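Here is the structure we will look at.
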Amino acid sequence: MNYKKPLIFLGAIGLLVVAILSLSPDFLTSYVPIETAKKDAGKLVQIIGKVDTTRPENHKESVFFFSIIDEKNGRADIAYKGVKPANFDRADQIVCIGKFNSKENMFMAEKLLVKCPSKYENKYKDGDK
């Protein structure tokens, strides 16, 4: 029997999986509370929370600064090198992927994901279909 072709195919699939995972390490990160991100400073994590409207947003030297509060009332100041996302002000929650910097006492976000309210949320009210 010719086992060469299936082995080459499986090897190619394996290399593809390794390449995808190595290009995007945030696939392997999970949501953690803000306090855990602070304890694990320097480790790549995802935190999620609502924008803290009691603290001002600021855009300085191509860095966007804001604060979030998670579901456990943990609070973090965020620094994101980039522009404020277009739908940021309508967001229910913000997912920040990055590392907590204990020296700056700030979460350094590499990526921001904006979770906006669903346009289908109020489509079916009171059993209407």
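The values are calculated or read from the model by the stated rules, or taken from the named source; none is laboratory data. No experiment lies behind these values; they were computed from the predicted model shown. Cβ sites come from the backbone with ideal geometry, for glycine too, and all protein chains shown count toward neighbours.
Computed quantities for the displayed model
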read-out: Total residues in segment 51-63, condition touching a residue at least 24 places away in the same chain (Cβ under 8 Å) and either in contact with a helix residue (DSSP H, G or I) (Cβ under 9 Å, 6 or more places away or on another chain) or surrounded by 15 or more Cβ atoms within 10 Å (Cβ to Cβ) (or both); value: 2
read-out: Test: residue in segment 31-42 that is modelled with pLDDT of 95 or more, in a strand (DSSP E or B) and closer than 30 Å to Val17 by Cα; value: no
read-out: Residue identified as of a type in the set (D, E, K, R), at pLDDT 95 or above and surrounded by 10 or more Cβ atoms within 10 Å (Cβ to Cβ) among Asp26, Asp70, Asp92; value: Asp70
read-out: Residue selected from segment 37-94 under the condition of a type in the set (S, T, N, Q) and under 15 Å from Glu110 (Cβ atoms), by the criterion nearest to the chain's Cα centre (by Cα); value: Gln46
read-out: Filter result for Ala86 (modelled with pLDDT of 90 or more and either in contact with a strand residue (DSSP E or B) (Cβ under 7 Å, 6 or more places away or on another chain) or among the aliphatic types (A, V, I, L, M) (or both)); value: no
